Amino acid sequence: MVSDDMEIELMANLIRVMVTAAAVSLVAPVWAQDTSKNSPARVVTKTLVASEAQKECLSLNNRQRLHYKFRADGPLNFKVSHQEEKEVIDLKRDGTESASGSFMPRTSADHCLVWTNAGKHSVTLRYEFQRGSQ
């Protein structure tokens, strides 16, 4: 048999545990944001037919870095660009099957990664990219 005092103490302990768990669940996302300044990597596989392009755009500021890598089973033209009054090409590689690296923008803007199949045959492309801090 449990005395009334023991029952009250057990209830108080249970309430403390529940309040602590609720507080941790509210603070945990903030800790995650502070420790991880990188967005999750986006991974895509796409088959490009002749003359088709694949485009991925994201906002970057001049304190961020874009990490990218790709591999294709045929040659593709690749560029990273952004718009000002006209298109500004920040990085360009033609006729390549793979590349990887990181890019730091000089200005804050929407930057796009673009792969173009200039060939006559379909090409399967697998790429990933991630926004991170410098």
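Data for the structure
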{"read-out": "Residue-wise HN-Hα coupling along segment 64-80, computed from phi with Karplus coefficients 6.51, -1.76, 1.60 (Hz; x: Gly, Pro)", "value": "10, 10, 9, 9, 9, 7, 8, 9, 9, 9, x, x, 9, 9, 10, 8, 10"}
{"read-out": "Whichever lysines have a C-alpha closer than 22 Å to that of K69, once near sequence neighbours (fewer than 8 apart) are set aside", "value": "K37, K46, K55, K79, K92"}
{"read-out": "Loop sites in segment 39-134: chymotrypsin sites (Phe, Trp or Tyr not before Pro), DSSP, at most 16 other Cβ within 10 Å", "value": "none"}
{"read-out": "Accessible surface, 1.4 Å probe, highest first, among residues L48, L91", "value": "L91, L48"}
{"read-out": "Placed amide H near E52: partners under 5 Å, 5+ positions off or other chain", "value": "N117"}
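The values are calculated or read from the model by the stated rules, or taken from the named source; none is laboratory data. This one's a predicted model, so the numbers in the text were calculated from it and none came from an experiment. Here the Cβ is made from the backbone with ideal geometry for all residues, glycine too, and neighbour counts use every protein chain on show. SASA here: full protein model, heavy atoms, side chains in, ligands and nucleic acids out. Shrake-Rupley method; radii C 1.70, N 1.55, O 1.52, S 1.80 Å.
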